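Here is the structure we will look at, set down as structure tokens.
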Amino acid sequence: MRRAAGIVLSAAVVLAPASAGAGTNRPAVGLTATPAHVALAGSARGAVRVVNPGLDPLFVDVGRAGFSLDRRGRPRVVPRGARRAATSWLTVRPTRFFLRAGASRVLTV
């Protein structure tokens with residue numbers, strides 16, 4: 001089973017008037033991160049772009065978590081404190097931020 005470290009993104013929806021963005025095909029809530037995979041060697045840095053394609057603004061809280069692949073190659077989150085977790089040396093900045101509807105932000109890993 002392969003183990004790696006990943007970034008966990010969570011968002012809280014901020015209420016906005018119903019008229020904001022009315023008539024568009026965008027979802028009310030959304031959050032994407034690209035690229036989906038970042039490979040780093042040693043003390044290298046990488047960037048992940050987080051985008052809010054939704055109609056509502058979001059508060060985003062970034063955290064670190066380990067993950068592994070199951071027998072079918074699907075990723076699953078590994079509980080904190082698991083052996084061989086790379087999360088102890090992985091840092092992400094910023095860790096909390098506000099993201100307006102349709103906006104994006106770059107995170108440094």
query = Where does each of 59-68, 89-98 land if you order them by average Cβ count within 10 Å, highest first?
reply = 59-68, 89-98
ask   = What FRET efficiency, computed as 1/(1 + (r/R0)^6) with R0 = 22 Å and r the Cβ-Cβ distance, is obtained for ALA39 and ARG71, rounded to the nearest 0.05?
value = 0.45
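Each value in this text was obtained by applying a stated rule to the coordinates, not by laboratory testing. Fair warning: this is a prediction, and the values are worked out from it, not measured in the lab. Using ideal geometry, Cβ is built from the backbone for each residue, glycine included, and neighbour counts are taken over all protein chains shown.
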